[in-house]
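Following: one structure in structure tokens, then a few remarks.
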Amino acid sequence: MLPNPPMNLAVPPQGHGSKIGGPIRAAARSLAARRSDRDSMNFRCTKKAQVRLRLTPSGLAPVPDTVSTVDWHCNVVTLGKRPFFLFAHSQSLYAFFVTAAGNSPLDAFGRAFRDQLAAALVREGVAAGLGARLMDDGPDTICRAIDRRVLGTMNDHVNMSRFFVEDAGGLDDRVLAKVHDAINDSPMSILGMESPRRVLHALLSRRGAA
């Protein structure tokens, strides 16, 4: 049985995420200044995520007609008896987990998402200027998640993640890193049997992607 330490899994220590992903965050701020309002940061949240964030229907934005590269889906799931936000990029389905404990206030939610995404992209070897296409510094909009294909894929991510956790006998940072690689390397029917990781890199390599 793996130890069950009182740690914030998937979230870098205070200040660590910003140092690792600093160039990406800086590039994101520069790129955001050139984006239109139509391409502002958007989170498509499930009902569970809305409840966790204490959002009411009146506090939600209309669901956008288009999906930009700064558009993400979010759900709340349980892994190793802990609640996590599961984020999935709406175009590539690239996904990662962020602990929900301590990150449910909206300002902490957005900060934890950006810190963890920036750190993940550094590990992926994504250049700062490219990674900046996936986020900006806000303001954020939050709407309902209604795409059943994306939500179904996120459920597949969760089922695979729980298998890894159960097989390992518990959850720690090492297991979570394996989970991250597994869900992003798995071929998905919605992606034409490509993996989220390959689709993400292909998306970022396109000229003019925004």
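Neighbour counts of other Cβ atoms within 10 Å put Lys48, Lys81 in the fewest-to-most order Lys81, Lys48.
Taking the alpha carbon gyration tensor of the range 16-205, multiplying each eigenvalue by 5 and rooting it gives semi-axes of 23, 20, 17 Å, largest first. Protection proxy ranking for 67-76, 184-193, using the average of other Cβ atoms within 10 Å per residue and placing the highest first: 67-76, 184-193. Net charge of the neighbourhood of Gly59, taken over other residues with C-beta under 14 Å away and scored Lys/Arg +1, Asp/Glu -1, is +3. Select from Ser58, Met154, Ala100 the residue farthest towards the positive end of the dipole of the range 16-205; place +1 on Cβ of Lys and Arg, -1 on Cβ of Asp and Glu, and compute about the Cα centre. Of the candidates, Ser58 comes out farthest on the positive side. Under 20 Å of direct C-alpha separation, and excluding same-chain neighbours fewer than eight residues apart, Lys48 reaches these aspartates and glutamates: Asp71, Asp107, Asp140, Asp147, Asp156. With the Kirkwood sum run over all distinct C-alpha pairs, the range 109-200 has a hydrodynamic radius of 15.0 Å. Once the other residues with Cβ under 13 Å from the Cβ of Leu86 are scored (Lys, Arg +1; Asp, Glu -1), what is the net sum? Result for the local shell: +4.
Summing +1 for each Lys or Arg and -1 for each Asp or Glu among the other residues whose beta-carbon sits under 12 angstrom from that of Ala182 gives -1. Put in order of Cβ neighbour count within 10 Å, fewest first, the listed residues Leu200, Leu53 become Leu53, Leu200.
Any read-out appearing in this document is the output of simple, stated calculations on the displayed coordinates, not a laboratory observation. Given the structure is predicted, the values throughout are model-derived calculations rather than measurements. Here the Cβ is made from the backbone with ideal geometry for all residues, glycine too, and neighbour counts use every protein chain on show.
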